[in-house]
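Coordinate-derived values only; no laboratory data. As the structure is a prediction and not an experimental result, all values here were calculated from the model.
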Amino acid sequence: MEWFERASLAGDDVAAFNLAVILDEGKLVPEDNGKAAKFYRLAAERGNVDAMVNLGLMLENGEGVDKDIPAAREIFRKAANEGDAFAGQKLAELSVSDGFETAMLPKASRIK
């Protein structure tokens, strides 16, 4: 944990992601979703797509952070733009479930 944290703070996105996973799972150390979300966010800001996906799931479900569907949608969009298929599915689910995409389409294009 100490070395992952050191590497993370030194700028390593994979170390930040790994630390977040350890904290998120709670198998090696007590589960701490709040800290996990912070390290997922750090890794995501550094471009780690897996961290983007996991952070998006935490935002979607309010796990370790306040539930924030617009923020989840945005982070899934970033991951999908990097080619992550699961993030693309989550983006589509969140967009359809709250009418986001429908609201963005011209009225004549909306499915009835």
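Taken over the C-alpha atoms, the chain has Rg and Dmax values of 15.8, 57 angstrom. Computed over the Cα atoms of segment 1-66, pair by distinct pair, the Kirkwood hydrodynamic radius stands at 11.2 angstrom.
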